[in-house]
Amino acid sequence: MRSAVIVSTARTPIGRAYRGAFNDTQSQALGGHVIAEAVKRAGVAPAEIDDVIMGCVDPVGEQGADIARAAVLKAGYAESVPGVQINRFCASGLEACNMAAGQIMAGQSELAIGGGVEAMSRVTIGSSGGAWPEDPSIAIPAYFVPQGISADLIATLDGFSRDDVDAFAVESQKRAAKAWASGYFTNSVFPVKDYQGLTILDRDEHMRPDTTMQSLGALKPAFAEFGAMGFDSVAIQRYPQVEAMNHVHHAGNSSGIVDGAAAVLMGTKKKGKALGLKPRAKIKAFASIGSEPCIMLTAPAEVTKKVLSRAGMTAKDIDLFEINEAFAAVVLRYIREMKLSPAKVNVNGGAIAMGHPLGATGAMLLGSVLDELERRDLKTALITLCIGAGMGTATIIERV
């Protein structure tokens, strides 16, 4: 089987939803900007790209009707370049990269882009609806609850206190602020400009570097009201060992609602050599799994074990880990179950500080951790995300 090597990565800055810089920037424009930047950085003619695969979690309205093809047209690619939108909820961007890599490994593409886009200011989270939360024949046997209830359920079962999750959130903010101040995101992030060439945004704007335990302590739990509406009872029915839910998550220790896009350009070594491209890393292995849908956010550890086994590796072989900070308890549980040093996990902060543009986040994490491997002269990284309805996706990359 051929290797899929990463040639270039790019991501937009992450804009604050509803009142941020990207409020007036359409989804297809964000997607077009990022895939145009990916080929520009590699010095590749867009016509060379065999496929563009983009994740998008709410593919309706301006994000509907195959946002990937719309992004291709917006970017000014050759009309021969196709595009396809995929949805694996929060892991969509990473899954898109895995699918692009799979095409290359299987000999069906020579160059492909994986990535994602989500303009949450313009297409509200949950706009696409779906059977899982809405059809009683699925929701009832799956013990459907909102994700925030699942996160609080993890905290309750694993004994994570309000101080534990708030302390994790403060650390995420500190790491992100330090990374930006030190220029660690320079290789990934590019300034997004309007049609006049004026910069719309050149820096992540969701971060709150002045966050403290005291400021977080003033926030009320975000999901207690959902629990009181009956969702606590559903969770306890599924997990009867729980006497009462401990609601510890809020806006300050959960992932931010934001706008953004990311792209990863991959190809074969042969094609790269022919075009004079410099490979940065290869896709070592990838995997996805399903997990119990009520608690829904515990799969990262299990999919990590699966992908490590597939690659013939152990956790000790991984230099850096990136797990999406959907909620603080998700990452704390992952660190505990995988017996990891926190110093190797989300070293430059995560979605609690910078935000989680649903369909793009996985590709963003891949690009950011590759930059960090190069900066530290390390070799391997593992990227993973928890997923709605109970799933997990993970990818291992290795520098070449």
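Can you tell me which residue in the stretch 58-67 is farthest from Gly359 (Cα to Cα), limited to those that are in contact with a Pro (Cβ under 9 Å, 6 or more places away or on another chain) and assigned to a loop (DSSP other than H, G, I, E, B)? Once the filter is applied, the top-ranked residue is Ala65. Could you please let me know if Ala151 is buried (at least 17 other Cβ atoms within 10 Å of the Cβ) and either free of Cβ contacts under 8 Å to residues at least 24 places away in the same chain or not in a helix (DSSP H, G or I) (or both)? Answer is no for this residue. Pairs meeting the criteria (first residue in the stretch 244-262 and under 13 Å from Pro13 (Cβ atoms), second residue aromatic (Phe, Trp, Tyr) and surrounded by 24 or more Cβ atoms within 10 Å (Cβ to Cβ), beta carbons under 6 Å, at least 6 apart or on different chains) are Asp259/Phe22.
Total residues in the stretch 175-202 satisfying the condition of being surrounded by 14 or more Cβ atoms within 10 Å (Cβ to Cβ) and assigned to a helix (DSSP H, G or I): the figure is 6. Selection of the stretch 9-28 for residues being buried (at least 24 other Cβ atoms within 10 Å of the Cβ) and over 19 Å from Ser255 (Cα atoms) yields Thr9, Ala10, Ser27. It is to be established whether one or more residues within the stretch 222-231 are of a type outside the set (A, V, I, L, M), closer than 23 Å to Leu358 by Cβ, touching a residue at least 24 places away in the same chain (Cβ under 8 Å) and in a strand (DSSP E or B). Within the stretch 222-231, none of the residues are of a type outside the set (A, V, I, L, M), closer than 23 Å to Leu358 by Cβ, touching a residue at least 24 places away in the same chain (Cβ under 8 Å) and in a strand (DSSP E or B).
In the stretch 183-200, the residues that are in contact (Cβ under 8 Å) with a residue 60 or more places away in the chain form Cβ pairs under 7 Å with partners that are surrounded by fewer than 13 Cβ atoms within 10 Å (Cβ to Cβ) and assigned to a loop (DSSP other than H, G, I, E, B), at six or more places apart or across chains, as follows: Ile200/Asp194.
The residues listed here are Thr384, Thr304; of these, the one that is assigned to a strand (DSSP E or B) and surrounded by 24 or more Cβ atoms within 10 Å (Cβ to Cβ) is Thr384.
Of the set (1) in a helix (DSSP H, G or I); (2) surrounded by fewer than 24 Cβ atoms within 10 Å (Cβ to Cβ), all apply to Ala285 but (1). Using the structure shown, decide if Leu382 is within 18 Å of the chain's Cα centre (by Cα) and under 22 Å from Asp152 (Cβ atoms). Considered against the rule, which asks whether it is within 18 Å of the chain's Cα centre (by Cα) and under 22 Å from Asp152 (Cβ atoms), Leu382 comes out as no. Are any of the residues in the stretch 358-367 without any contact (Cβ under 8 Å) to a residue 24 or more places away in the chain, part of a helix (DSSP H, G or I) and among the aliphatic types (A, V, I, L, M)? No - not one qualifying residue is present in the stretch 358-367. Within the stretch 110-128, is even one residue in a helix (DSSP H, G or I) and either open to solvent by 30 Å² or more (accessible area, probe 1.4 Å) or without any contact (Cβ under 8 Å) to a residue 12 or more places away in the chain (or both)? Looking through the stretch 110-128, none of the residues is in a helix (DSSP H, G or I) and either open to solvent by 30 Å² or more (accessible area, probe 1.4 Å) or without any contact (Cβ under 8 Å) to a residue 12 or more places away in the chain (or both). Number of residues in the stretch 348-379 that are open to solvent by 10 Å² or more (accessible area, probe 1.4 Å) and either under 15 Å from the mean Cα position of the chain (by Cα) or closer than 19 Å to Asp259 by Cα (or both) equals 6.
Criterion applied to Arg310, Arg336 was being touching a strand residue (DSSP E or B) at 6+ places or on another chain (Cβ under 8 Å), open to solvent by 10 Å² or more (accessible area, probe 1.4 Å) and assigned to a helix (DSSP H, G or I), and the one residue passing it is Arg310. Which residue out of Thr211, Thr298 is over 25 Å from Gly390 (Cβ atoms) and surrounded by 19 or more Cβ atoms within 10 Å (Cβ to Cβ)? Among Thr211, Thr298, only Thr211 is over 25 Å from Gly390 (Cβ atoms) and surrounded by 19 or more Cβ atoms within 10 Å (Cβ to Cβ). Just so you know, in the stretch 314-327 the residues that are open to solvent by 30 Å² or more (accessible area, probe 1.4 Å) and part of a loop (DSSP other than H, G, I, E, B) include one that is farthest from Pro357 (Cα to Cα), and it is Thr314. Do you know which of the residues in the stretch 234-280 that are in a helix (DSSP H, G or I) and open to solvent by less than 30 Å² (accessible area, probe 1.4 Å) is nearest to Ala142 (Cα to Cα)? Only one residue tops the list, namely Ala235. When the stretch 60-72 is filtered for residues that are within 18 Å of Leu265 (Cβ to Cβ) and open to solvent by 50 Å² or more (accessible area, probe 1.4 Å), only Arg69 remains.
The values are calculated or read from the model by the stated rules, or taken from the named source; none is laboratory data. Just so it is clear, the structure is predicted and the values come from calculations on it, not from any experiment. Neighbour counts are summed over all protein chains in view; Cβ atoms, including those assigned to glycine, are modelled from backbone coordinates with ideal geometry. Quick note on the areas: whole protein, heavy atoms, side chains included, nothing else; ligands and nucleic acids left out. Shrake-Rupley method; radii C 1.70, N 1.55, O 1.52, S 1.80 Å.
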